[in-house]
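Report on the following structure.
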Amino acid sequence: MSKLKPGAAEALHGVLRDGMTLAVGGFGLSGIPADLIEAVRDSAVRDLTVVSNNMGVDGKGLGILIEAGQVRKVIASYVGENKLFAEQYLAGLLEVEFTPQGTLAERLRAGGAGIPAFYTKTGVGTLVAEGKPLAEFDGETYAQERAIRADVALVHAHTADTDGNLMYRYTARNFNPVAATAGAVTIAEAEVIVEPGALDPNHIVTPGVYVQHLVQAGNRTKHIEQRTVRPRVETLPA
C-alpha cells in the first residue's frame, strides 16, 4: 500500500500534539526535512522536545521552531550557529541536554533497535556523566546512556519508493537513518519518488517498515551555514 501523502501538512495531520518528542534528521542545514519542519511550525504545536544533532541557524531549519517559541527542550550535540537559541537558553526559556555527537547517534540507533541503554567511555569524568550510573568493564569506567525513542521522527531522503524505502545522498545521509528508526511514527520527505521495485534492494538504507508516511520534498534552495571559498588560481599552460 502506498505511503505517499499529498503534502507535509496532510502527513502530520493527527500525529502532532503538544509536549511530544520529535527526532529530526539532518546536520546543520544538510539533509534536513525542511518541508516537514515548516509544517510543524505551521501546526502551532508547542512544548516540544526536539532531538537533533543541532538546531539549524536563525531563521532556517529547526531554527524556525525556536523562533516560533514552540520548543521547550533540546537534546543535541552542537548549537553554536543559532543566536536566538543561545538567548533563550541563557534566559532560562529553553532546557538543553548536551550529548556528545557519537553518543547521540547511538542513543537514537539503540532506540530504534529496542535496546534500552548502553555503556560508553565518552564523557566519563565530565559533566556529561554527572548523575548517570557508572560501571567498570575490563578495568575501565563507563557511563550508562539511555536510548532515545521519539513520538515522531522527521527525515529527509534523496530517493524513495512509495512503500517508504529510503536512499540518501552523500553527507545528507548523516543522522537521517538513525532518526528514522527511533520514531514511533516516522515521516519522510524525498526529492525523488519512484514506484516499488525501481530501487536496488542493495542500495536501500532505511527499509520501508520504519516509515509510516512519505511526502514529495519541494524544490528549494539548499542553504549552507557558512560558505568558505577562495579565489580561483588560473594556471598558464606550460
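Kindly indicate which of G131, G197, G164 is in contact with a helix residue (DSSP H, G or I) (Cβ under 9 Å, 6 or more places away or on another chain) and either open to solvent by 40 Å² or more (accessible area, probe 1.4 Å) or outside any helix (DSSP H, G or I) (or both).
Details: G131 fails: in contact with a helix residue (DSSP H, G or I) (Cβ under 9 Å, 6 or more places away or on another chain); G197 fails: in contact with a helix residue (DSSP H, G or I) (Cβ under 9 Å, 6 or more places away or on another chain).
When all the criteria are applied, what remains is G164.
Cβ-Cβ under 7 Å, sequence separation 6+ or interchain: first residue in segment 56-72 and farther than 18 Å from H156 by Cα, partner assigned to a strand (DSSP E or B) and of a type outside the set (D, E). Which pairs?
Q70/L48; V71/L48; V71/V50; R72/L48; R72/T49
Could you list all residues from segment 200-221 that are within 22 Å of A9 (Cβ to Cβ) and in a loop (DSSP other than H, G, I, E, B)?
Result: V211, Q212, A217, G218, N219, R220, T221.
State which residue pairs qualify: first residue touching a residue at least 24 places away in the same chain (Cβ under 8 Å) and within 12 Å of T206 (Cα to Cα) and inside segment 174-188, second residue of a type in the set (S, T, Y) and part of a strand (DSSP E or B) in any location, beta carbons under 6 Å apart, and separation of 6 or more residues or different chains.
P177/T206; A180/T186; A180/T206
List pairs: first in segment 1-26 and open to solvent by 70 Å² or more (accessible area, probe 1.4 Å) and modelled with pLDDT of 95 or more, second in a loop (DSSP other than H, G, I, E, B) and of a type in the set (A, V, I, L, M), Cβ under 8 Å, 6+ apart or cross-chain?
R17/V45; D18/V45
Please go through segment 167-193 and give me each residue that is open to solvent by less than 10 Å² (accessible area, probe 1.4 Å), within 19 Å of G28 (Cα to Cα) and either modelled with pLDDT under 95 or of a type outside the set (A, V, I, L, M) (or both), ordered by number.
Hits for segment 167-193 are N176, E189.
Condition first: in a loop (DSSP other than H, G, I, E, B), farther than 29 Å from Y142 by Cβ and modelled with pLDDT under 95. Now tell me which residues in segment 70-103 satisfy that.
Of the residues in segment 70-103, the ones in a loop (DSSP other than H, G, I, E, B) are 70, 77-82, 91-94, 99-100.
Checking the rest, the ones that are also farther than 29 Å from Y142 by Cβ come to 70, 81-82, 91-94.
Matches in segment 70-103: E81, N82, A91, G92, L93, L94.
Checking the condition under 19 Å from D35 (Cβ atoms) and within 16 Å of the chain's Cα centre (by Cα), which residue from L166, L104, L108 passes?
Result of the check over L166, L104, L108: L166.
Please list, ordered by first then second residue, the pairs with beta carbon atoms under 6 Å, 6 or more apart or interchain, first in segment 215-234 and closer than 16 Å to G28 by Cα, second charged (D, E, K, R) and part of a loop (DSSP other than H, G, I, E, B).
E225/E81
Does segment 97-124 hold any residues that are open to solvent by 80 Å² or more (accessible area, probe 1.4 Å) and over 19 Å from K73 (Cα atoms), and which are they?
Scanning segment 97-124 gives R109, P116, Y119, K121.
Just to check your reading of the model, which residue among A147, A129 is within 25 Å of the chain's Cα centre (by Cα) and in contact (Cβ under 8 Å) with a residue 40 or more places away in the chain?
Result of the check over A147, A129: A147.
Scan segment 200-235 residue by residue and report those that are modelled with pLDDT of 95 or more, exposed (fewer than 15 other Cβ atoms within 10 Å of the Cβ) and under 22 Å from P6 (Cα atoms).
If the condition is that a residue be modelled with pLDDT of 95 or more, exposed (fewer than 15 other Cβ atoms within 10 Å of the Cβ) and under 22 Å from P6 (Cα atoms), then P207, V209 are the ones that fit.
Which pairs do you get when a residue that is closer than 16 Å to F175 by Cα and among the small types (G, A, S), found in segment 27-51, comes within reach of a residue that is open to solvent by 20 Å² or more (accessible area, probe 1.4 Å) and in a helix (DSSP H, G or I), reach meaning Cβ atoms under 8 angstrom, with the pair 6+ apart or on two chains?
Hits for this filter: S30/T171; S30/A172; G31/T171; G31/A172; G31/R173.
Return yes when E106 is of a type in the set (D, E, K, R), assigned to a loop (DSSP other than H, G, I, E, B) and either under 18 Å from R41 (Cβ atoms) or in contact with a strand residue (DSSP E or B) (Cβ under 7 Å, 6 or more places away or on another chain) (or both) and no when it is not.
When the stated conditions are applied, E106 does not pass them.
From the list L4, L36, exactly one residue is touching a helix residue (DSSP H, G or I) at 6+ places or on another chain (Cβ under 6 Å) and closer than 20 Å to V205 by Cβ. Which is it?
Details: L4 fails: touching a helix residue (DSSP H, G or I) at 6+ places or on another chain (Cβ under 6 Å).
Going through L4, L36 in turn, just one is touching a helix residue (DSSP H, G or I) at 6+ places or on another chain (Cβ under 6 Å) and closer than 20 Å to V205 by Cβ: L36.
The values are calculated or read from the model by the stated rules, or taken from the named source; none is laboratory data. Remember, it's a predicted structure, so these values are computed and weren't measured experimentally. No Cβ is skipped: glycine too gets one built from the backbone with ideal geometry, and neighbour counts run over all protein chains shown. These area figures cover heavy atoms from the full protein model, side chains too; ligands, DNA and RNA do not enter into them. Shrake-Rupley method; radii C 1.70, N 1.55, O 1.52, S 1.80 Å.
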